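Note sheet for the following structure.
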Amino acid sequence: MKLSINEIIKIVPALVTGDHDFEITGLSSFDDAGSHDLTFACDPTYLARLNRCRAGAVIVPESFSPQPLVSLNCVLLKTSNPKLSFFKILELFHPKKPLIAHVHGTAILGRNLRSGEGTRVEANVVIGDDVVIGNHVHIMPNVYIANGCVLGDYTVIKPNVTLMEGTILGHHVIVHPGSVIGSDGYGFAQNAQIHEKLAHTGHVKIGNHVEIGACNTIDKGTLGVTSLGNGVKTDNLVHIAHNVKIGDNTLVVAQVGIAGSTCIGKNVIIAGKAGISGHLTIGDYAIVGPYAGVSKDVPANEIVSGIPHMPHKTWLKVSSIVPRLPEMRKKISSLERKMKNLENKSE
Amino acid sequence: MKLSINEIIKIVPALVTGDHDFEITGLSSFDDAGSHDLTFACDPTYLARLNRCRAGAVIVPESFSPQPLVSLNCVLLKTSNPKLSFFKILELFHPKKPLIAHVHGTAILGRNLRSGEGTRVEANVVIGDDVVIGNHVHIMPNVYIANGCVLGDYTVIKPNVTLMEGTILGHHVIVHPGSVIGSDGYGFAQNAQIHEKLAHTGHVKIGNHVEIGACNTIDKGTLGVTSLGNGVKTDNLVHIAHNVKIGDNTLVVAQVGIAGSTCIGKNVIIAGKAGISGHLTIGDYAIVGPYAGVSKDVPANEIVSGIPHMPHKTWLKVSSIVPRLPEMRKKISSLERKMKNLENKSE
Amino acid sequence: MKLSINEIIKIVPALVTGDHDFEITGLSSFDDAGSHDLTFACDPTYLARLNRCRAGAVIVPESFSPQPLVSLNCVLLKTSNPKLSFFKILELFHPKKPLIAHVHGTAILGRNLRSGEGTRVEANVVIGDDVVIGNHVHIMPNVYIANGCVLGDYTVIKPNVTLMEGTILGHHVIVHPGSVIGSDGYGFAQNAQIHEKLAHTGHVKIGNHVEIGACNTIDKGTLGVTSLGNGVKTDNLVHIAHNVKIGDNTLVVAQVGIAGSTCIGKNVIIAGKAGISGHLTIGDYAIVGPYAGVSKDVPANEIVSGIPHMPHKTWLKVSSIVPRLPEMRKKISSLERKMKNLENKSE
């Protein structure tokens, strides 16, 4: 496949410096790009070594201007969001295969299934009773969908996923392989030494344009709902406990755990491996740093880090001091000795 | 469905304040409850705002007496364990569907299967040779059960679970979706630069009334057994390595990892995301705090937190001081300056 | 089964002290061994209590000599690597069942499958188009293998594994149950409030003799490859993000997370629950301690611990001081009071 710069900018508008007829034959990362590849550079470290990039064309920010004495051999395309522009062009080179409607002969469908048009159900899928599936939904092999689930239009369920009873997914949702949505939460009542299992009558409700990573576990509400808003994206191996609520466009990075009944606002970022205790509120636009352990509410727009969490700026100072604790301890001992000396003298 | 207070207290005995003929039409959480709902309140924060609860009836502790001037519109039911009482009534409103014995036509059964009565095996289940299954066992779709496994009565295996060779489960066990029990442990012998795989000849043995969360990984013993006692409950994404032993009624919260050959007592609580190193002993009734990293034995009844762990009380003090480390460092510098001044003067 | 010491040392050469005709009937761990069992002892704590071991025979290091006054009743076998020797003999007692070539009738094979000889495909396996499978490969039940995957000779895919498009596995690879290899990475482009999904055109490439634990998630490259070298061993619940590169013989212990584009050298050890941020380089033979959070490059041969990481030796000192922070704080306050006193006096 070949596309000239002129053809490309018809689809992804850009300000071009260089040959408009130059032909792109592939797309690649900054360091791997060859002489007829297109790549992109956003942040200063990449832009600073643009002269060493072997790509035929590079998408750069609108604000970028090359340093005066540096000669660039590549065509420059300036856009307001180079990363987004690059991946839009990538889709031209790697077009999605159209979804061919089909129900595989080995799929087992429950009673009272309502299914839209253009939907594809692959081998060994098992679907319970009273399930509602929208249009152009793709259910991949070995998936289990329990009674009463609802799947919105254009949703994709990857292989070996389990959706337990009553799970509701919006449209354009992607659930990656191995994930479990809607299983019972960790809810027990102590009865002397015994932990008695509580009945779980709630469910999980997930909004539109949500992406759930591989091997996530999202528990149903004990009573009521565990909910993820529109545009939420979770990475792999994320745990979301019963009755958690997550607002729109929040990012939950790999191996994060969120305990029961915690409410997380919209456009929050929870970085990798962080944990959030139960029954807390994390405000909109807050950021929880990697490895953090959040044990109290976090106000909107705050950035926190550490176990237990503290303001990120404090944590930066603290973490530069921690390795110097042995030195601090020596200084205190030395001060104590000197103090004793002085006190003795002054007596 | 409707039940009067009088009907309810025939099943769950309680001391009633208010109208015995009041009818309950549903059960709900404290904050979502409506005028004909039943809810419950155990801890002081909920009891303190009971006058703002819209529920028709509330189960409260026996010790509870409303404040003198507060008028409550709801019926009060006093029991010794409100949470347990509430969930017992919940089961009346949401009765479990009876398990209908059946083996689905797509299930693949190995040789020499011994199976009890009333057992249900769903679609695409694959069962190896020499497996023993008790009475009223429920095996859900896409489960794999390897050769030589034993499943006790009333046990439930949820979808997409994998039980590897020789796994023994007691009765009334629940294994949530995606979990893997009995796979090879992480055992290698170093041979120059190469890590040579060790043969794993052990197995996993799990007691009665155990609940295993979603996407757990419980490895078989390298030699001998990995064992979980009766009443153990694990949350989601828990890792239990080869030859670990866990005592009765111990709780293992989400994303905990327990390394090889560690022995954990009975009635222990291991909070979310904690890790426990290999070859350790954790005593009965010990509590390991969230995010803790346990690197040495923990005596019975101890509460520990931190990485590496320390007594929880110490950790509480430590964690209130850590954010003040920059301030402490400044104080030390200031003391050093003043000390120099005084020393100069006194010379 | 019975083997005399003489028969054993024909297969695993060893220097014998004791009766060469003594017969071994089983193998066991040090503490569980009985009078006709073989066991092994490597480290000093086991060797020191060899006189209390009830085993009939014990494999010990070549350098071992029993203390003068201690009488040992067992036969001693000295080898250069007792653990390795023990597990080689274990394989004699528990020989692997030969793999019987077979494709189960329920397996669903895609178009243009090229498959070697001696390969076994079990029940409910679903294989996509254009897949290449080597000789003597074992694919266990309920596995999904997407289009364009390549599996080398003698590779074993355990049940409920998902291999997404284009995944390449070397020979003698083992993938434990529930693992997901080759799913989309966590890659989005911010467009105002929205996180737009990026097309993922890369894949995963795994070398020879690699073992992947249960419930791992290994993402494909966004562009290009996520790669694991020969002899890499991952434990359970490990997360490896898009475009990570891992060198030969590196060990990745349970619940570790490695963020996108990080390069890890050969013969590295990453201990349990550690996290490594994205775009970092970890040098050959480096060791990352348990629970560590690595936020910067780690040079070759370094040992690091802590969050954020520091040299392991520093961390050992620091972690012995942290529990004494309350005491340090009191000392500083006391010094400040005394300083004030002295200053007052000296005025």
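Taken together, the values in this text are just the output of simple stated rules run on the coordinates, not laboratory data. Computed from a prediction, not measured in an experiment: that's the story for all the values here. With ideal geometry, Cβ positions are generated from the backbone for all residues, glycine too; neighbour counts draw on all protein chains shown.
Data for the structure
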{"item": "Cα-based Rg / Dmax (Å) for the range C:168-279", "result": "13.6, 47"}
{"item": "Gyration tensor verdict on the range B:128-231 (Cα atoms; rounded if a/c is under 1.5, prolate if a/b is larger than b/c, oblate otherwise)", "result": "prolate"}
{"item": "Magnitude of the charge dipole, the range A:102-315, Cβ model with Lys/Arg +1 and Asp/Glu -1, debye to 20", "result": "220"}
{"item": "Prolate/oblate/rounded label for the protein assembly as shown (Cα gyration tensor, a/c 1.5)", "result": "rounded"}
{"item": "Shortest-first distances to equivalent copies, position residue C:2, nm, label 7 Å out along Cβ", "result": "8.1, 8.1"}
{"item": "Where labels lie 7 Å past Cα in the beta-carbon direction, separation of residue A:281 and residue B:15 in nm", "result": "3.5"}
{"item": "The range A:173-211 versus the range A:274-322: alpha-carbon centroid distance in Å", "result": "25"}
{"item": "Cα-derived Rg to Rh of the range C:266-326, Kirkwood definition", "result": "1.01"}
{"item": "Those residues of the range C:156-179 whose amide nitrogen sits under 16 Å from the label point placed on residue C:91, 7 Å along Cα→Cβ", "result": "C:156, C:172-174"}
{"item": "Nearest-first distances (nm) between copies at residue B:284, label 7 Å from Cα via Cβ", "result": "5.3, 5.4"}
{"item": "Considering only the range B:214-347, percent of DSSP beta bridges that pair antiparallel, nearest 5", "result": "10"}
{"item": "Fewest-first ranking of A:140, C:328, using other Cβ atoms within 10 Å as the exposure measure", "result": "C:328, A:140"}
{"item": "Global size of the range B:217-307 as Cα Rg and Dmax, reported in angstrom", "result": "11.3, 32"}
{"item": "Assigned charges on the beta-carbon of Lys, Arg, Asp, Glu; the protein assembly as shown dipole about Cα centre (debye)", "result": "3320"}
{"item": "Rg ratio (alpha-carbon, reference 2.2 N^0.38 Å) - the range B:3-93", "result": "0.95"}
{"item": "Per-pair calculated FRET efficiency, R0 = 60 Å: residue A:71 and residue A:194 via Cβ, rounded to 0.05", "result": "0.20"}
{"item": "Chain A: most fluctuating residue of A:58, A:244, A:288 per GNM, C-alpha cutoff 10 Å", "result": "A:58"}
{"item": "Which of B:219, B:130, A:21 has the fewest Cβ neighbours within 10 Å, and the rest in rising order", "result": "A:21, B:130, B:219"}
{"item": "Highest-fluctuation residue, A:307, A:11, A:212 considered, GNM on chain A with Cα pairs under 10 Å", "result": "A:11"}
{"item": "Backbone HN-Hα couplings from phi across the range C:140-154 [Karplus 6.51/-1.76/1.60, Hz, Gly and Pro as x]", "result": "8, x, 6, 7, 10, 10, 7, 3, x, 6, 10, 10, x, 4, 6"}
{"item": "Cβ-based charge dipole, chain B, positive-most Cα from B:268, B:113, B:125", "result": "B:268"}
{"item": "For chain B: rounded, prolate or oblate by the Cα gyration tensor [a/c cutoff 1.5]", "result": "oblate"}
{"item": "Across the identical copies, how the residue C:25 labels are spaced - nm, sorted shortest first, 7 Å along Cα→Cβ", "result": "7.3, 7.3"}
{"item": "Taking B:203, A:104, C:279 and counting other C-beta atoms within 10 Å, the order from fewest to most", "result": "C:279, A:104, B:203"}
{"item": "Dipole-positive endmost among C:254, B:61, C:234 within the protein assembly as shown (Cβ charges, Cα centre)", "result": "B:61"}
{"item": "Pairwise centroid distance, computed over Cα atoms, of the range C:218-242 with the range C:53-83, Å", "result": "41"}
{"item": "Top positive-direction residue, dipole computed over the protein assembly as shown with Cβ charges, set A:35, C:308, A:342", "result": "A:342"}
{"item": "Student exercise, the range A:3-93 dipole from Lys, Arg, Asp, Glu Cβ charges, in Debye to nearest 20", "result": "220"}
{"item": "Projected-area average for the range C:88-173 over all orientations - Cα convex hull basis, square nanometres", "result": "5.5"}
{"item": "Mean separation of Cα contacts under 8 Å (6+ apart) over length of chain C, as relative contact order %", "result": "6"}
{"item": "Theoretical FRET efficiency, 1/(1+(r/R0)^6), r = Cβ-Cβ of residue B:80 and residue C:330, R0 60 Å, to 0.05", "result": "0.85"}
{"item": "Over 26 Å between alpha carbons, listed pairs A:197/B:313; C:96/C:266; B:220/C:83; B:317/B:340", "result": "A:197/B:313; C:96/C:266; B:317/B:340"}
